[in-house]
Structure formats: structure tokens, C-alpha cells
Amino acid sequence: MITAAGIKRILYAETSVIAADLTGTALKAIIDAAATAKHEISNVHGDTWSLEESEPSTTRYKNALTGQNYRQDIEMGDIQASFTIGQYDYQTKADLMGGDVIKNGDKVVGWKRASGIVETYKCLIFQTKDNQWCVFPKGAVTTREANTDKAIGLALSGVALEPGIDGVRSEYWFDDSEVVTKG
């Protein structure tokens, strides 16, 4: 039994890290690489974290002779994770919002916005406080600047998409016992 309560960790990676059906062992390697690459969110502002699936849209068709429904069309709802990053560095801002970091030599000293429309896709990885792992192998990431209690946070929305890889699904859940992240 799980409750998937709260949020403990959030990481991201390039979508190319998943090329086959995801396993706990593969997820461990992805988590370790993301953490090493500093692709871990270290601050989620207040109670902004949520993961929700919207209601499906259903259209039912009635039989004119009987007045009863005889078929239906269903369009599934989006699966979306949302949170605001309260504290971040310029590289994280560029990774998740687009644009480019500004460097002075090797030192990152700023960020500049991309021109035009930015489409960002990342593998999104979430660990709940009760040690459940949720993964979107291909998340459509939309990030914007947002005022959060007198500071500018990065409000992020990630929607699970079909990855376009045979055998890979849009959303995975694993118990931590399948994803041993220590040692």
C-alpha cells in the first residue's frame, strides 16, 4: 500500500537517457547520473508541489431507438506535475526555461532569455516522502518566472507525453526497494 505523500526529491535528465522499458536498476543509474550532473532541484517553495491527472473527456452517443448510450469516445486527461523552484542557479534556469547562461571565462554569471518560443522536454523524476518514485520519461516542461512571497521563483509544469520509443510508457511508478539509491 502506498500513499505517495509529499515530495522528497526532484531530478531531471535529458529524455535520451531512456531507450527501453524502464526498470528499477535503470532508474537508479539515471538518478545517480542526474545527481552527479547537478540536475537535482534543491528547493521547492512552500506547498507548490502537486501531481495530478485531469479528468478524461468523455462523449457518449445514444441510440435514438432506445434512448440508451451505445458507445463512447474517451480522451484521457493530462498527467501533470507542478511546483515552484524557490532557489536556483542560472544553469538550472537555462536547463528548464531555455535561454543561455552568461559566462565570464568559465564562471557562470547570468542568464539571457531565448528569443521566440521555447519547447523543453526532460525526463522528470520525483521521489515522494514515503519513498515512491514517479518518472515521466518525456515531460513537456513549461517554466515561467513567478512572484512567490516577495521573490522570483521558477514555476514549472511538466506534462507526461508519449516518449515515442517502443515499449516505453509515459509514466512509471516504483517503490524505493526497487530503486536502491544508497551505496
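Ranked from largest to smallest solvent-accessible area, with a 1.4 Å probe on the protein heavy atoms, Lys28, Lys8 come out as Lys8, Lys28. Farthest toward the positive end of the dipole of the chain, out of Gly167, Ile74, Gly6, is the Cα of Gly6, where the dipole comes from beta carbon charges about the Cα centre. Applying Stokes-Einstein at 20 °C and 1.002 mPa s to the Kirkwood radius of the stretch 10-141, computed over alpha-carbon pairs, gives a translational diffusion coefficient of 121 µm² s⁻¹. Taking Phe174, Phe126 and ordering them by how much accessible surface each has at a 1.4 Å probe, largest first, produces Phe174, Phe126.
At a 1.4 Å probe radius, which order do Met97, Met1 fall into by accessible area, largest first?
Numbers: Met97 20, Met1 230 Å².
Reading off the accessible areas and sorting them downward yields Met1, Met97.
Heavy-atom surface analysis with a 1.4 Å probe gives the stretch 65-130 a carbon and sulfur content of 44 percent of its accessible area. Taking amide hydrogens as placed 1.01 Å from N in the peptide plane, the amide H of Thr120 sits under 5 Å from those of Val141, each at least 5 positions away in sequence or on another chain.
Each Lys and Arg adds +1 at its Cβ and each Asp and Glu adds -1 at its Cβ; summed about the Cα centre, the stretch 63-118 shows a dipole of about 260 debye. Seen against the Cα atoms of the chain and their longest principal axis, helix 24-36 is set at about 30 degrees. Quick one: Cα centre-to-centre distance for the stretch 110-171 and the stretch 8-80, in angstrom? What the calculation gives is 11 Å, centre to centre.
In the complete set of protein chains, residue-level accessible area for Glu178 is approximately 110 Å², probe 1.4 angstrom. Placing +1 on the Cβ of every Lys and Arg and -1 on the Cβ of every Asp and Glu, with nothing else charged, gives the chain a dipole about its Cα centre of roughly 420 debye. Across the stretch 122-166, Cα-Cα pairs farther apart than 16 Å form 53% of the total.
The residues of the stretch 1-75 expose, per residue, 70 Å² of accessible area to a 1.4 Å probe. For the cross-link pairs Lys38/Lys129; Lys38/Lys122; Lys28/Lys138; Lys112/Lys138; Lys38/Lys150, the ones whose C-alpha atoms lie over 19 Å apart are Lys38/Lys129; Lys112/Lys138; Lys38/Lys150.
The values are calculated or read from the model by the stated rules, or taken from the named source; none is laboratory data. Please read these numbers as outputs of a predicted model, since none were measured by experiment. Heads up, the Cβs are rebuilt from the backbone with ideal geometry, glycines too, and the neighbour counts pull from every protein chain shown. Just the protein is used for accessible areas: all its heavy atoms, side chains included, with ligands, DNA and RNA removed. Shrake-Rupley method; radii C 1.70, N 1.55, O 1.52, S 1.80 Å.
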